1. Multiply the residue gap between residue 109 and residue 207 by 0.36 nm, knock off their C-alpha separation, and tell me the result in nm, one decimal place.
2. If we sort 247-257, 97-107 on the protection proxy, mean other Cβ atoms within 10 Å, highest first, what's the order?
3. Quick one: if you stick a label point 7 Å off each Cα along the C-beta vector at residue 87 and residue 271, how many nm between them?
4. Please turn the phi angles of region 339-354 into ³J(HN,Hα) values with the Karplus equation 6.51 cos²θ - 1.76 cosθ + 1.60 (θ = phi - 60°), one per residue in order, whole Hz, x for glycine and proline.
5. Classify region 1-159: rounded, prolate or oblate, from the alpha-carbon gyration tensor (a ≥ b ≥ c, eigenvalue square roots; a/c under 1.5 rounded; otherwise prolate if a/b is larger than b/c)?
6. Angle, helix 397-410 long axis vs. longest principal axis of the chain, Cα atoms, 0 to 90°, nearest 10?
7. Region 131-232: Rg/Rh from Cα coordinates, Kirkwood Rh?
8. Classify region 391-473 as rounded, prolate or oblate, taking a ≥ b ≥ c as the square roots of the eigenvalues of its Cα gyration tensor: rounded when a/c is under 1.5, otherwise prolate if a/b is larger than b/c and oblate if not.
Amino acid sequence: MICENFPYNYEFLEIFEEISKIPHGSGNTAAIAQYCVDFAINCGCDVMQDSMGNVVIKRPAGIGFESAEPVILQGHLDMVCDKAPGSNHDFLRDPLKLTFDGKYITAEDTTLGGDDGIAIAYALALVKDKELQLPPLEILLTVDEETGLFGAAGLDGSLLSGKNLINLDSEEEGVLLCGCAGGVTAYTSAELETEEATGTVVMVTVSGLAGGHSGVEIHKKRLNAVKVMTKLLNSVECGYRLVSLVSGTKINAIPCNCVAKVLIAADDLKVFKNGIESAESRIEIISPDDKLKVSVETETAIVNALSYADTKRVFGYFNDVADGVLKQGTTGVVTSLNTGISDFSGGKFCSVALVRSMDNADLSKVAEEVCNTASKYGFEFKTSDYYPAWEYNQVSPLREKIVSVYEKMYGKKATVATIHAGLECGLISDKIPGMDAVSFGPNILDVHTVNESLDVESSIRTWEFLVELLKSF
């Protein structure tokens with residue numbers, strides 16, 4: 001198992017370990033989809049795939065459930081791929097290296113893929129256990145959720161007949177999610193001229209930030225690395241020209257690192273360093289999770305650099321564009337913006353941000369504000385990958401059933417909530433009229449980061465709850 005003398009013997013944990021050996025980042029889900037298809041066929045289930053590559057597994061009704069309506073269990077096949085600085089892990093080829101500290105399963109120097117590998121593991125464990133007498137299950141495993149809910153958006157709804165959808169893509173035990181934010185991706189870009197120049201090249205590195213999921217953890221006010229870099233460089237009292245900039249790898253992850261190279265005159269090095277140190281001391285750190293580190297390294301080199309004017313345009317844009325929580329409601333975050341990916345190299349500038357909101361009108365409004373900021377600095381702008389908010393259903397028999405089963409099992413009420421992150425329930429519900437949907441899952445910490453951790457005992461309790469819930473239909 002995951003480590004020597006691993007103390008838990010559950011089929012879903014063994015399956016979770018197996019799928020961790022299969023690379024399955026967003027855009028690279030063919031192998032894990034085939035694994036699920038073969039697994040289900042070997043267990044005697046019917047399997048279908050639509051043109052998107054989404055997998056639908058039909059587990060037949062158990063004894064006593066022949067007349068029950070199908071229940072849809074849903075998760076996604078892809079994971080966010082991120083790794084620690086210096087890691088040589090290849091997400092296209094290498095298996096994840098799982099570790100266990102007595103409470104949590106993690107992956108060595110990489111994201112774990114508990115989001116949403118745990119859903120795959122639960123589903124396939126149900127498929128394999130033929131002794132469990134359950135209602136007919138329609139297991140839906142979608143592709144490319146993490147990069148824009150593409151699998152759900154392109155789903156062939158005719159493959160499903162059930163009206164009760166249990167989404168297994170939540171990360172807090174005992175919390176039933178019944179609504180989520182919508183989203184839209186905002187792209188800012190420009191072709192900028194560079195010229196060859198000689199001088200002192202300064203590499204400024206921002207690191208040590210916690211990062212995290214731009215929906216689930218945006219309220220924690222963790223610092224965005226590119227915004228920190230902007231504050232540092234905009235505080236310097238000497239001229240500099242941008243050579244390169246890299247920050248973030250995923251639009252739905254708060255960037256925890258940023259590296260910028262700038263060209264300065266040799267005589268300005270002391271002023272530059274003093275400006276960076278002074279600016280660093282003034283940066284307000286709100287989240288205790290952030291451990292800001294700033295380093296400055298220099299070399300003399302011939303490089304291609306932007307003009308002073310275009311450099312000011314780039315950092316003027318980063319300074320002005322919104323960031324973090326933009327609107328707070330009585331029950332949580334309503335609207336936010338996360339600049340997840342920023343890059344300048346070879347004369348090409350690109351910044352990709354994800355707007356989220358529980359209010360569909362705000363999605364367009366904030367995107368327009370980003371557009372106006374881009375236009376102010378002469379940059380191009382476009383949006384894509386829009387998906388609507390999943391609105392809270394005031395009348396939900398499924399939610400009532402889940403609440404009832406939870407209270408009977410644990411003697412306390414589950415928390416009913418909405419979430420600022422994007423879930424596929426809204427898009428799937430749009431394709432199947434009359435759908436009733438709820439999302440839940442075990443405790444998974446620090447998703448979308450290299451610190452992602454699956455609480456094993458929580459995953460076991462959630463498994464047992466899922467089984468009892470399905471028996472109640």
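1. On the way: separation 98, 0.36 × 98 = 35.28 nm, distance 1.55 nm.
Gain on stretching residue 109 to residue 207: 33.7 nm.
2. Ranked by mean Cβ neighbours within 10 Å, highest first: 247-257, 97-107.
3. Distance between the two pseudo-spin positions: 4.2 nm.
4. For region 339-354, the Karplus-derived couplings read 7, x, 10, 9, 8, 9, 7, x, x, 9, 10, 8, 9, 10, 10, 10 Hz, x marking Gly and Pro.
5. oblate
6. Compared with the principal axis, the helix lies near 80 degrees.
7. Using only Cα positions, Rg/Rh for region 131-232 is 1.14.
8. The shape class here is oblate.
Throughout, read-outs are computed from the coordinates displayed, never taken from laboratory work. Remember, it's a predicted structure, so these values are computed and weren't measured experimentally. A quick note on method: Cβ atoms are made from the backbone with ideal geometry, for glycine too, and the neighbour counts reach across all protein chains shown.
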